[in-house]
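Every number here is computed from the coordinates shown, using simple stated rules; none is lab data. Here the structure is a predicted model, which means the values were calculated and not measured. Every residue, glycine as well, gets a Cβ built from its backbone with ideal geometry; the counts of neighbours run over all protein chains shown.
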Amino acid sequence: MKSRVSKFLSCIMSIALIGGTLIACSDAKQNEGVMPSSEGNLLDGGITNATGFPITKEPITLTVGIANGAHMGDVTQYNLWKKIEEKTNIKINLKVYSDAEKANLMFSSRDYPDIGLRMDASDQAMSDAIDAGDIVGIDNLLQYTPSWKKFFDTNPELKKQALMPDGKLYGFPYAVLNETSYNLRDQWFINKKWLDELGLQIPTTTDEFKNVLMAFKNNAGKGSIPKNVIPYYILYGNNIGGQFDIYGAFGVYTPGSYFIVEDGKYKSQATNPDLKEPIKYLADLYKNGLIVPEAFTDDWGRYTAAISSIPPLVGSMTSFGDQGQNVSDGKWWTPIAPLKSPNGKNPLIRRQTKSIWPRNYVIFKNNKYPVASARLAELLADPEWSLTENFGSEGVWWKNSSDGKYELLSPTTEVADADKALGNYGIALLDEDMFNNKIVNDNFKKEGTREWAYENIYKKYLPEKNLNYPPMPSGLLSDEEKQRMTDLSKSLNDYIKTTIANWISGKGDIDAEWDAYVKKLKDLGLDEYMQLNQKQLDAASKLGHE
């Protein structure tokens, strides 16, 4: 069961493998936002009520675009859409974009839906659409969304992440501020059922981990271990499910990129010689058939299918959610702590950065009902609606408690698509107060869940300082500098990823080639790339102090 998981400011930084990559937003003068369509007191031409329900006086239909999530099942079947129609008079016509290319094509053709949820188009596509006036500014609509207005007013640092260079807001965010979610990237899992069948203990060191994986391989086809077993499955180079937690086991913190920020200074882990030791360890696992070649070529869909299959094909992997599925013959997965390496350094687990998804609900200019659309965003900010959006259907994933709180539930059987949650593919407003004081989550007491694992395993392995590159506003560098940063990021990223993949897969000698590798990175512009990122960090640190 997977658990639930100053006008210069703008787009959140997209942290790519190389780290610190700025997806630039245009500095061009943007539209001033679209005033609600009204005649006197008639909102949206008289169709929309200013308060109360239903939102519209007669039924309307809104086309809503959303990206396809491989783990989400058939999103068109979610109960949420029917509930919205019954409550608001707004029928949702869902348009699912199967991949980022199709979403980007939608932006380039300007064939927009009425509302866009998370669509996974490029940040540049979103920025260009805002510059062109194709997306409605919401500042004038906040009068109809008191919950969102309060959120922005009381969380100025998070609001900065949502502002565009003109100092305006162009969408409603996914704001789920749960420490067990945002402060931990991936958990590390081992197949407990296979351990029990083989009489093995949970590994605590890198040597023990290798021995366990060898046992999984050597017993392929026996008991519940399949013949085509994948002892250790990574999605190489990916922020989620990648090899980065192995680096952390050797004390080298890489948050999903090869760059960190420590005490305001931008630093490279790509050229840190301490990286050689974990890469050699991964190469040894690969040489022994414990990491499969598909790790370098599988896409997100194949990765998701492999780690969630029942019965499992995989002996160990990392993932955001808890893999505590219970099937008829027992529990499969258990979380493990970061492994201790022979070098004696403290092992580390990766953080995420406290942030929001700033534009997970945007209103496009062709939408005839901007006020109704804003009022729908306000409804979705209501606690019970946000619980449904983020966790899933009431009665399946959560229920009202007698004391006015909300109790989270843990289904033990397969959940129908109709009862699944949008999660960060939509919007929700669940802040720290909700999680600390109003949501009752028994998972903190249930061994194996993400909440339990965070408190009892991972919290003490987080680095003392947050070394992640922070959500970075744009408008701090010139257009030329931003483009240069993008170009450098790609060339550096491609070289790092390819070179390390070759070392892991036995196609090179890391000791013999390390100096040439570092020199090549410098030839590709590493120093300039770091200087641009440092310039951006320095400029960001001065905002609000001038």
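General remarks:
- Rg(Cα) / (2.2 N^0.38 Å) computed for region 464-536, rounded to two decimals: 1.33
- Counted charge near LEU184, where neighbours are those whose Cβ lies closer than 13 Å (Asp, Glu -1; Lys, Arg +1): +1
- Potential lengthening between GLU528 and ALA220 on full extension [0.36 nm per residue; Cα-Cα distance subtracted]: 105.9 nm
- Note on VAL440 and THR353: with the Förster distance fixed at 22 Å, the Cβ-Cβ geometry gives a FRET efficiency of about 0.25.
- Expressed to the nearest 5 percent, the antiparallel share of DSSP beta bridges inside the chain is 55 percent.
- Nearest-0.05 FRET efficiency for ILE240 and LYS280, computed from C-beta distance (R0 25 Å): 0.55
- Separation of region 244-269 from region 41-82 is 42 Å, based on Cα centroids.
- At most 10 other Cβ within 10 Å, DSSP loop - GluC sites (Glu not before Pro), region 393-426: GLU414
- Taking 7 Å steps out from each Cα toward its Cβ at ASN93 and ALA539 produces label points 4.3 nm apart.
- Exposure proxy order (Cβ contacts within 10 Å, fewest to most) of LYS365, LYS542, LYS150: LYS542, LYS150, LYS365
- Taking N as its residue count, the alpha carbon Rg of the chain over 2.2 N^0.38 Å: 1.00
- Inter-label distance, nm, simple model (7 Å from Cα along the C-beta direction), SER109/LYS405: 5.0 nm
- Spatially proximal lysines relative to LYS87 (Cα-Cα < 26 Å; intrachain offsets below 8 disregarded): LYS57, LYS95, LYS149, LYS150, LYS365, LYS368, LYS399, LYS405, LYS420, LYS438
- Arranged from fewest to most other beta-carbon atoms within 10 Å of their beta carbon, GLU277, GLU197, GLU464, GLU157 become GLU464, GLU157, GLU197, GLU277.
- Rg and Dmax [Cα atoms of region 338-397; Å; Rg one decimal, Dmax integer]: 20.4, 64
- Taking a straight Cα-Cα cut-off under 25 Å and skipping sequence neighbours fewer than 8 places away in the same chain, the lysines within cross-link reach of LYS520 are LYS265, LYS267, LYS276, LYS280, LYS482, LYS490, LYS497, LYS507, LYS535.
- Candidate aspartates and glutamates - alpha carbon under 17 Å from LYS160, same-chain residues fewer than 8 apart omitted: ASP27, ASP123, ASP139, ASP431, ASP538, GLU546
- Modelled this way, with points 7 Å down the Cα-to-C-beta line, the labels at LYS519 and GLU179 are 5.0 nm from one another.
- Gyration tensor (alpha-carbon) shape descriptor, region 130-171, a/c threshold 1.5: oblate
- Taking one quarter of the surface of the C-alpha convex hull of region 290-411 gives a mean projected area of 13.9 nm².
- Helical mean residue ellipticity (222 nm; -39500 (n - 2.57) per DSSP H run of 4+; nearest 500) of the chain: -9500 deg cm²/dmol
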